[in-house]
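A.B. asks: One structure is given below, represented as structure tokens, and several questions about it will come after.
The values are calculated or read from the model by the stated rules, or taken from the named source; none is laboratory data. Here the structure is a predicted model, which is why all the values come from computation and not from measurement. Because the Cβ atoms are built from the backbone with ideal geometry, glycine has one as well, and the counts that use them run over all protein chains shown.
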Amino acid sequence: MSQLADLDSALAESAPLPRSNGELVFDEPWQGRALGMGVVALERADISLVEFSGFLADAVARHGYDPDEPAATAYYAAWLDALEACLASRGVSGVVG
């Protein structure tokens, strides 16, 4: 299974990746980069996707809902917050910023 498929499966219940008609949604280029960077950073830090999914669910909840903000923008902003928190919890620094 690919890294993206593994990620998609791990996040399916707590904080699923944004999709439209089955395809991932990226409103801006930085969002796809954030996803890719996160997958690589988690793998290199040996952090499981299950562990990360908890950080992401918390970040999505903290971010809240703003009807004026595109869903993908809100999701990937929370994604970066979660990535930073998860890496920091493991003492990894200098990866996100």
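A.B. asks: For region 59-72, does any single residue satisfy the condition of being in contact with a helix residue (DSSP H, G or I) (Cβ under 7 Å, 6 or more places away or on another chain), modelled with pLDDT of 90 or more, surrounded by 13 or more Cβ atoms within 10 Å (Cβ to Cβ) and part of a helix (DSSP H, G or I)?
C.D. replies: yes
A.B. asks: Sticking with this one: Of the residues that sit in region 20-49 and are among the charged types (D, E, K, R) and over 16 Å from residue 72 (Cβ atoms), which one is surrounded by the fewest Cβ atoms within 10 Å (Cβ to Cβ)? Outline the logic, then answer.
C.D. replies: First, the residues of region 20-49 that are among the charged types (D, E, K, R): 23, 27-28, 33, 43-44, 46.
Then drop every residue that is not over 16 Å from residue 72 (Cβ atoms), which leaves 43-44, 46.
Values: 43: 13, 44: 11, 46: 8.
This residue is 46.
Conditions tested, residue by residue: (1) among the hydrophobic types (A, V, I, L, M, F, W, C); (2) over 17 Å from residue 81 (Cβ atoms); (3) touching a strand residue (DSSP E or B) at 6+ places or on another chain (Cβ under 9 Å); (4) free of Cβ contacts under 8 Å to residues at least 40 places away in the same chain.
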residue	(1), (2), (3), (4)
19	no, yes, no, yes
22	no, yes, no, yes
30	yes, no, no, no
35	yes, no, yes, no
40	yes, yes, no, yes
43	no, yes, no, no
52	yes, no, no, no
55	yes, no, no, yes
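A.B. asks: Can you name the condition, by its number, that residue 92 falls short on among (1) touching an Asp or Glu at 6+ places or on another chain (Cβ under 9 Å); (2) of a type in the set (A, V, I, L, M, F, W, C); (3) at pLDDT below 90; (4) crowded, with 16+ Cβ neighbours inside 10 Å?
C.D. replies: Here residue 92 clears every test but (1).
A.B. asks: Run residue 3 past the list (1) at pLDDT below 80; (2) closer than 13 Å to residue 76 by Cα and report the number of the one that doesn't hold.
C.D. replies: (2)
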